[in-house]
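Scroll down for the structure; my scribbles are underneath it.
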Amino acid sequence: MTTTRIALPFAAALIFAQSGTALAQSRDSTLTGFPALASEFIYTSLAFSPATATQVGLHDWTDPYTGRSAHLDSLLDSFSPEAIAKQRAYFTGVQSRLAALDRAHLDPQTQADYDVVANAAAFALYGLTKERFHQFKPQMYAEDLGNSLFANISLEYADKNTRAADLTARVARVPGFLAVARRNLRATNDIYTKVALEETDGVTSLVKDMGADFTRGTSSAERYAKVAPPAIAALVEFQRFVKDTLSKRGTVDWRSGVGMFNAKWKYYLTVSLTPDEALRIAEDSMRKTRAEMLVLARPLHDKWFPTHKHEGDSTAVLNAIVSETLAHIGAEHANRDSLLQAAKANVEELTGVLRDQKILSLDSFPNLQVIPTPEFMRGVYGVAGAVFAPPLNPNLATFFWVTPIPAAWTTERADSKLREYNTYKMLDLTMHEGIPGHVVQGAYANLLTPDWRRLLRSVYTNTPYAEGWAVYGEHVMMYDAHVDGGDPVKMKLTDLKGMLRIYTNVIIDIRLHTRDMPGDSAVAFMMRDAFQERPEAEAKLQRAQLDYVQLNAYFAGVEEWTRLRQDVQKRDGKNFNLCRYHDTVLLYGALPLPEIRRLYMAGVAPSAKAPESRCGAANAAN
Ligand SMILES: [Zn+2]
Ligand SMILES: [Zn+2]
């Protein structure tokens, strides 16, 4: 969800941090027809992954088929052949049950839900049968394990004694989990092996240090001390296996190839753009954006650096002028102790703009807390991030975390971070993560009714919807509401630098995975055309090598949001009301964007507890 997270040794997925009662979750047994299927689908598919279930807020579960109940927070995900066969059978069964329902006879909203379940089942089957990360991606086991164990520590879903007992139970299962991994895995490659070894180190230190600290003084301390050493030994053995045995079993190409790329594009993004169109638009936009940055930067550059003479080829001149100008803009920043105050002031200002300029109707966010990032999460959240209440406990707090600069940092190091996260960038970031970005979108998503629909659309959130909305929201603030930190040119250059990164991600991902772009060309491209430093470009290359398609979500999302807005505005002409438009599309929830377009263009009302409208009649927007 956040653009600002830096990678832990293992990828922490959604993190929620608020104490709350662990509610016994159950499906609504009064439902029939498709709603009954959807509701059952949400809980059953979550229960297949205890790691995800803990994060989403599903803690206990009774299997409707066997009647067996399970405390999911104490279990690990299972990748055994039996578990995989069971999941395949379940998702195939869901497909048959969907086929037996007549989609055409459902109302337009329920048709959207039908499509969400159908896509989720097809995507799950694609993962289990075609992608098969459990056979080809050793780092997947380290990441899954890291996320599972970390969830018990970081999410305050129950009191500490309960969570310590859950963590201890999970750690006791580590040797069995890794034995399955060693049986499943068939191949690797250099990059997977390198990352698997690093991430397994991360899990080992989590078990050794963080887990031991967490359980100390709880009723599980003694048992933890017994189960941790065999878990650590199994992790060391897994590393030996990946390095010495797996590399001899076989090699897998990290490039997905066109077939898998297109398949995942369809399931993961669910947008109307094709990869070819996305690549063409991104390359085009990249050229235009660089040219626009030069036009904006040149007058500032010539004023600030009157003695400079830039000669040589036009790419080098453009890069010099623009990057010197960006660096100079970076000098306007908060001081090292006032980042949090600056973020709070930004949240306040942006909320006032929502209200005064009627950007949308919801203008108070009582569950939002702007606080320093908790200490143990500062490695994950290098700068800031929005952290949501779990879908199953939607009334818990939502946080906007801001990571303080450690007192131990030298002035030089602190300044370098502050220049990157300067006044304009912090404002931009607060728009993206907070107002009107992720925080506002999440608040609207909580208002959906009925409850099964709210849950379905938030557990199966469409990423281009969420990320695209956050980027579109930045643009609404900058270009509709004219929030610019006091200088529209500096603000726009800051935005365009971010957009270049979004275009670059599309270009390298598609070219690396489907067009054989060499890795070093990708790094050179990012450094030459997108103002990136070598370490940043190399880290991005590695990220692209580890998975495919995901890097396209921001671009595909903002592209669809921008087009929809243009088309609606064109259709409605003088009657277009920005506020009502935003209220409606947000109250549909995080559906794939072609579904949002279909519902909106057909005039389908959202099903939600809509906030009191402040939109007024037509033309209320500006
Ligand atoms: Zn985001
Ligand atoms: Zn210069």
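Bear in mind these aren't lab numbers, they're just calculated from the coordinates by the rules spelled out. Not measured: the values here are computed from a predicted model. A quick note on method: Cβ atoms are made from the backbone with ideal geometry, for glycine too, and the neighbour counts reach across all protein chains shown.
Potential lengthening of the chain between D253 and R534 amounts to 98.7 nm, from the contour at 0.36 nm per residue minus the alpha-carbon distance.
Rg and Dmax over the alpha-carbon atoms of the chain stand at 24.6, 79 Å.
Multiplying the sequence separation of H105 and R543 by 0.36 nm and subtracting their Cα-Cα distance, what value in nm do you get?
Numbers: separation 438, 0.36 × 438 = 157.68 nm, distance 4.34 nm.
Contour length minus the Cα-Cα distance gives 153.3 nm.
Based on Cα contacts under 8 Å between residues 6+ apart, the chain shows a relative contact order of 18 percent.
Add -39500 (n - 2.57) for each DSSP H run of 4 or more in the chain, then divide by its residues: what number comes out at 222 nm, to the nearest 500 deg cm²/dmol?
For the chain, the value works out to -18500 deg cm²/dmol.
Modelled spin labels at D487 and K86, positioned 7 Å past Cα toward Cβ, are 6.0 nm from each other.
Quote to one decimal, in nm, the extra length available between V295 and Q569 on full extension: 0.36 nm per residue of separation minus the C-alpha distance between them. Walk me through the numbers before you get to the answer.
On the way: separation 274, 0.36 × 274 = 98.64 nm, distance 2.88 nm.
Going from the current span to full extension adds 95.8 nm.
For the chain, DSSP calls about 60 percent of its internal beta bridges antiparallel. Site pair E420 and Q550 shows an inter-label distance of 1.9 nm when each label is modelled 7 Å from Cα along Cα→Cβ.
Which of K425/K574; K425/K492; K574/K609; K264/K425 have a Cα-Cα distance over 22 Å?
Details: K425/K574 34 Å; K425/K492 10 Å; K574/K609 28 Å; K264/K425 32 Å.
Distance filter (> 22 Å) returns K425/K574; K574/K609; K264/K425.
Spacing of the modelled spin labels on K303 and V604, each 7 Å from Cα toward Cβ, amounts to 5.0 nm. Qualifying GluC sites (Glu not before Pro) in region 530-622, where qualification requires a DSSP coil assignment and no more than 15 other C-beta atoms within 10 Å, comprise E533, E612.
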